[in-house]
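Engineer: Below are the structure tokens for one structure; questions will follow.
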Amino acid sequence: MKKLISFFLIILHSLVIGNWTLVIASEYTLAPNDKLDVRIINRKELDTSQSIAPDGTISIPLLGRVTASGQTLSAFNRQLILDFGKYIERPQVVVYLTPRPIYVIQHDLKKNTWEVKEARSIEEALAFTGGGTYKNVGTPMPIGVRGLQHGDIISVDVSEKPDFWETNWYKVLTGTAVAVGIYATLK
């Protein structure tokens, strides 16, 4: 018994204090604009591919409008199996997901231009930010506070505001030379 307790204490110590990190990821929640491919094995006529509508539903042959938004992918798959089970004996349903994109608005302060990029994954969106500070366009708080999610629209500054001297040094020197020349001519 002491060995068993010691074993659990060592594992707990490793997870909490050691180099290991225990991360429990939440399952993806479906939302409008997610693209779903619903396949019913051996029933090609019932297969469909479409995006979740703004009202959170999709139209599935035989079932009609079905609410998908707010459910996890596995819960939605279970719901479809139950719904199809009323019409088909032991249906085998497979749902494929293409998550909604993340839009990154890159503002180049030096050129004063904006470019919108569509990221298919969170990693790709973070790469588009270039390690800069980014904010969710819809909310005033920095996105890092709540985490980046599919469907977000974020804005990032990809350069620094130009320094006056850096962009106008030749104008300042030319103006000074002209002023000195005029002064010298008048004296």
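The values are calculated or read from the model by the stated rules, or taken from the named source; none is laboratory data. Computed from a prediction, not measured in an experiment: that's the story for all the values here. For neighbour counting, all protein chains shown are included, and Cβ atoms are generated from backbone atoms with ideal geometry for every residue, glycine included.
Engineer: Filter segment 49-62 down to the residues that are under 31 Å from the mean Cα position of the chain (by Cα) and either surrounded by 15 or more Cβ atoms within 10 Å (Cβ to Cβ) or in a loop (DSSP other than H, G, I, E, B) (or both) and list them by number. Spell out how you get there, then give the answer.
Structural biologist: Here is the first cut: in segment 49-62, the ones under 31 Å from the mean Cα position of the chain (by Cα) are 49-61.
Those that are under 31 Å from the mean Cα position of the chain (by Cα) and either surrounded by 15 or more Cβ atoms within 10 Å (Cβ to Cβ) or in a loop (DSSP other than H, G, I, E, B) (or both): I52, A53, P54, D55, G56, T57, I58, I60, P61.
Engineer: If you take the residues of segment 82-97 that are within 31 Å of the chain's Cα centre (by Cα) and among the β-branched types (V, I, T), which of them is nearest to T72 (Cα to Cα)?
Structural biologist: It comes out as V95.
Engineer: Tally up the residues in segment 98-111 that are among the basic types (K, R) and under 18 Å from the mean Cα position of the chain (by Cα), please. Quick ask: steps written out before the conclusion?
Structural biologist: Residues of segment 98-111 that are among the basic types (K, R), as a first pass: 100, 110-111.
Now drop any that are not under 18 Å from the mean Cα position of the chain (by Cα), which leaves 100.
Qualifying residue count, segment 98-111: 1.
Engineer: If you don't mind, there's one more thing I want to ask. Being closer than 18 Å to L30 by Cβ, of a type in the set (A, V, I, L, M) and at pLDDT 90 or above narrows it down to one of L82, L97, L73, so name that one. Give the derivation first.
Structural biologist: Details: L97 fails: at pLDDT 90 or above; L73 fails: at pLDDT 90 or above.
The conditions single out L82.
Engineer: If you scan segment 63-90, which residues turn out to be surrounded by 12 or more Cβ atoms within 10 Å (Cβ to Cβ) and part of a strand (DSSP E or B)?
Structural biologist: Of everything in segment 63-90, those that are surrounded by 12 or more Cβ atoms within 10 Å (Cβ to Cβ) and part of a strand (DSSP E or B) turn out to be R65, V66, T67, T72.
Engineer: Now, a different point. One residue is enough: does segment 110-131 have a residue meeting the conditions outside any strand (DSSP E or B), among the small types (G, A, S) and either in contact with a His (Cβ under 7 Å, 6 or more places away or on another chain) or crowded, with 16+ Cβ neighbours inside 10 Å (or both)? Reasoning before the result, please.
Structural biologist: Keep residues of segment 110-131 that are outside any strand (DSSP E or B), which gives 110-112, 120-131.
Narrowing the set further to residues that are among the small types (G, A, S) leaves 121, 125, 127, 130-131.
Cutting the leftovers down to either in contact with a His (Cβ under 7 Å, 6 or more places away or on another chain) or crowded, with 16+ Cβ neighbours inside 10 Å (or both) gives us 125.
The answer is yes, given that some residue of segment 110-131 is outside any strand (DSSP E or B), among the small types (G, A, S) and either in contact with a His (Cβ under 7 Å, 6 or more places away or on another chain) or crowded, with 16+ Cβ neighbours inside 10 Å (or both).
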